[in-house]
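A.B. asks: Got a structure here, written out as structure tokens. Questions coming.
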Amino acid sequence: MRCPFCQHEDTQVADSRVAEDGAVIRRRRRCPECDKRFTTYERVELTLPTVVKKEGSRVEFDRHKVAASMQLALRKRPVSAEAVDDAIARIEYQLLSTGEREIYSDKLGELVMNELRQLDKIAYVRFASVYRSFEDIAEFQQVITEIKQLPTTETLPRKR
């Protein structure tokens, strides 16, 4: 590591400690050239896959876009912000665990729909109607029939 003071190419690690619940390594360094000390932090950099859109363009995965689309579907529904954050974290985990560098937007949409199905069935139908571009009432009925056939799950945390 280069010294930030004298730009010497090599520095020595004087002390290393785990910080922030094990997510970061804090290193105290010393420059043998100018004898100054400084601290560096080392953390894992996770790269989520690039999203390939329907028309073929590629964009970086944006957690905020996923959150905004889920919030829109969940508008005026009794689902806590914590439950939404947990759902987005599960989506990110699934994306990371695939090890793929790219994911098609339709696959990402399916992941979002699966999470919404668990959070709130009304939000799921709302999202599905836009995501799948419903043309008529029959498509709404088909999704509602699918939801009715699903086994009931535990009640998720609601807003207060």
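One line per residue, one yes/no per condition, for (1) of a type in the set (Ser, Thr, Tyr); (2) at pLDDT below 95; (3) closer than 30 Å to residue 122 by Cα; (4) touching a Lys or Arg at 6+ places or on another chain (Cβ under 8 Å):
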| position | (1), (2), (3), (4) |
| --- | --- |
| 37 | no, no, no, yes |
| 42 | no, yes, no, yes |
| 77 | no, yes, yes, no |
| 80 | yes, yes, yes, yes |
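A.B. asks: Of the residues in segment 86-97, how many are open to solvent by 80 Å² or more (accessible area, probe 1.4 Å) and under 18 Å from residue 123 (Cα atoms)?
C.D. replies: Number satisfying all stated conditions: 1.
A.B. asks: Could you grab me the full set of residues in segment 89-110 that are closer than 16 Å to residue 50 by Cα, part of a helix (DSSP H, G or I) and in contact (Cβ under 8 Å) with a residue 24 or more places away in the chain?
C.D. replies: Matches in segment 89-110: 91, 92, 95, 96, 98, 105, 106, 108.
A.B. asks: On to the next question. Of everything in segment 49-71 that's farther than 14 Å from residue 107 by Cα and in contact with a helix residue (DSSP H, G or I) (Cβ under 8 Å, 6 or more places away or on another chain), which residue is surrounded by the most Cβ atoms within 10 Å (Cβ to Cβ)?
C.D. replies: The qualifying residue surrounded by the most Cβ atoms within 10 Å (Cβ to Cβ) is 70.
A.B. asks: Just to be sure I understand, how many residues within segment 98-116 are modelled with pLDDT of 90 or more and either among the polar types (S, T, N, Q) or open to solvent by 30 Å² or more (accessible area, probe 1.4 Å) (or both)?
C.D. replies: Residues in segment 98-116 being modelled with pLDDT of 90 or more and either among the polar types (S, T, N, Q) or open to solvent by 30 Å² or more (accessible area, probe 1.4 Å) (or both): 9 in total.
The values are calculated or read from the model by the stated rules, or taken from the named source; none is laboratory data. Everything quoted here is computed from the prediction, not taken from an experiment. Glycine also receives a Cβ, built like all others from the backbone with ideal geometry; neighbour counts cover every protein chain displayed. When the accessible area is computed, the model is the full protein with side chains, heavy atoms only, and any ligands, DNA or RNA have been set aside. Shrake-Rupley method; radii C 1.70, N 1.55, O 1.52, S 1.80 Å.
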